[in-house]
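Participant: Here it is, the structure, as structure tokens.
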Amino acid sequence: AQSVTQLGSHVSVSEGALVLLRCNYSSSVPPYLFWYVQYPNQGLQLLLKYTTGATLVKGINGFEAEFKKSETSFHLTKPSAHMSDAAEYFCAVSDSPWDQFYFGTGTSLTVIP
Amino acid sequence: GAGVSQSPRYKVAKRGQDVALRCDPISGHVSLFWYQQALGQGPEFLTYFQNEAQLDKSGLPSDRFFAERPEGSVSTLKIQRTQQEDSAVYLCASSALFSWGTDTQYFGPGTRLTVL
């Protein structure tokens, strides 16, 4: 069965600092991995995804993530935080892009001016 | 439409009332998912449709929850005799099955249900 663990329910960074949001997964099959962002009172917006191919994935708004099979990780990074990055971030795993997603409990990112 | 839409955006119900939540997926998307997101938690799977067929309803928490998609497009999630523990945001997502160009699920804004 698939599952996702997001370490750190709350992360605070200074504006301009590195953002690192952690995601570890458990999967019995080759995983498909996703990061979504959720702003208050809005739905989930896809940041990036790993399905096949290159393990370093670049997404929108300057975010990227690296699939590391040996570490069962898919951490999300951004070199320089912006105030507009403050939001809730969810990591998800699936058997395929068309099967149900298993979400982590989310990480709330605060950006300090 | 351009994206997944859901209505109503907010619903307040008294305990014991029945509610119906609507989802309009992206046009042409074969797959439709419902998720429940409790406060401070990640979304959890409820049920899945492929066209009009409900292929997986393993996530529905009780027999008070019922979902349908009779014509393979719009879907309705119905909750009978609502309880306070049903308070959550209900998210709908759609995807184009086996289409690598759009290999993800697209989420609607959700319906926030509050049961008093």
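Participant: Would you list B:ARG81, B:ARG112, B:ARG15, B:ARG69 from the most to the least accessible area, probe 1.4 Å?
Facilitator: B:ARG15, B:ARG81, B:ARG112, B:ARG69
Participant: What average number of partner chain Cβ atoms lie no more than 10 Å from the Cβ of the residues making up B:40-47?
Facilitator: Mean shielding by partner chains, rounded to a whole number: 6.
Participant: Once the Cα gyration tensor of the protein assembly as shown is diagonalised, what are the square roots of 5 times its eigenvalues, in whole Å and ordered largest first, as equivalent ellipsoid semi-axes?
Facilitator: So the three semi-axes of the protein assembly as shown are 29, 21, 15 Å.
Participant: On to the next question. What net charge is computed for the residues neighbouring B:ASP63, neighbours being all others with C-beta under 14 Å from the C-beta of B:ASP63, Lys and Arg scored +1, Asp and Glu -1?
Facilitator: +2
Participant: Which order do B:GLU44, B:GLU68 take by accessible area at a 1.4 Å probe, largest first?
Facilitator: In descending accessible area the options line up as B:GLU44, B:GLU68.
Participant: Could you pull out every one of the aspartates and glutamates with an alpha carbon less than 20 Å from that of B:LYS78, ignoring same-chain neighbours closer than 8 positions?
Facilitator: The qualifying aspartates and glutamates are B:ASP18, B:ASP24, B:GLU44, B:GLU52, B:ASP56, B:ASP63, B:GLU68, B:ASP86.
Participant: Still on this structure: Can you give the average number of partner chain beta-carbon atoms within 10 Å of each beta-carbon in peptide A:91-100, as a whole number?
Facilitator: The shielding value for this peptide is 6.
Participant: Straight-line reach only, C-alpha to C-alpha below 27 angstrom: list the lysines that A:LYS69 could link to, leaving out same-chain residues fewer than 8 apart.
Facilitator: Answer for A:LYS69, where 27 Å is the Cα cut-off: A:LYS49, A:LYS58, A:LYS78, listed by chain and number.
Participant: Counting other C-beta atoms within 10 Å, and keeping those with at most 14, which DSSP coil chymotrypsin sites (Phe, Trp or Tyr not before Pro) do you find in the range B:1-99?
Facilitator: Answer by residue number: B:PHE98.
Participant: Counting only other chains, what is the mean number of Cβ atoms within 10 angstrom of the Cβ of each residue in peptide B:68-80?
Facilitator: If you average over the peptide's residues, the count of other-chain Cβ atoms is 0.
Participant: Here is a follow-up. Chains A and B: buried accessible surface, both sides, probe 1.4 Å, rounded to 100 Å²?
Facilitator: By this definition, chains A and B bury close to 1800 Å².
Participant: Here is a follow-up. With contacts defined as alpha carbon pairs under 8 Å and 6 or more residues apart, what's the relative contact order of chain B in percent?
Facilitator: 36
Participant: Would you mind calculating the relative contact order of chain A from Cα pairs under 8 angstrom and at least 6 residues apart, reporting the percent as a whole number?
Facilitator: For chain A, the relative contact order is 38 percent.
Participant: Okay, moving on. Placing +1 on the Cβ of each Lys and Arg and -1 on the Cβ of each Asp and Glu in chain A, which of A:LEU18, A:GLY104, A:GLY8 has its Cα farthest towards the positive end of the resulting dipole?
Facilitator: A:LEU18
Participant: State the extension gain, in nm to one decimal, for the chain segment bounded by A:SER28 and A:SER9, taking 0.36 nm per residue of separation less the distance between their alpha-carbons.
Facilitator: Stretched out fully, the A:SER28 to A:SER9 stretch lengthens by 4.3 nm.
Participant: How large is the direction-averaged shadow of the alpha-carbon convex hull of the range A:1-57, in nm²?
Facilitator: For the range A:1-57, the mean projected area of the Cα convex hull comes to 5.4 nm².
Participant: Place a +1 charge on the Cβ of each Lys and Arg in the range B:14-95 and a -1 charge on the Cβ of each Asp and Glu, then give the dipole magnitude about the Cα centre in debye, rounded to the nearest 20.
Facilitator: 260
Participant: Which values of log₁₀ I(q)/I(0), to two decimal places, follow from the Debye formula for chain A at q = 0.11, 0.16 Å⁻¹ with a uniform point scatterer at every Cα?
Facilitator: For chain A at q = 0.11, 0.16 Å⁻¹, log10 I(q)/I(0) is -0.31, -0.66.
The values are calculated or read from the model by the stated rules, or taken from the named source; none is laboratory data. None of the values given here were measured: they were computed from a predicted structure. We place every Cβ from the backbone using ideal geometry, glycine too, and count neighbours over all the protein chains shown. Surface areas here come from the heavy atoms of the whole protein model, side chains and all, with no ligands, DNA or RNA. Shrake-Rupley method; radii C 1.70, N 1.55, O 1.52, S 1.80 Å.
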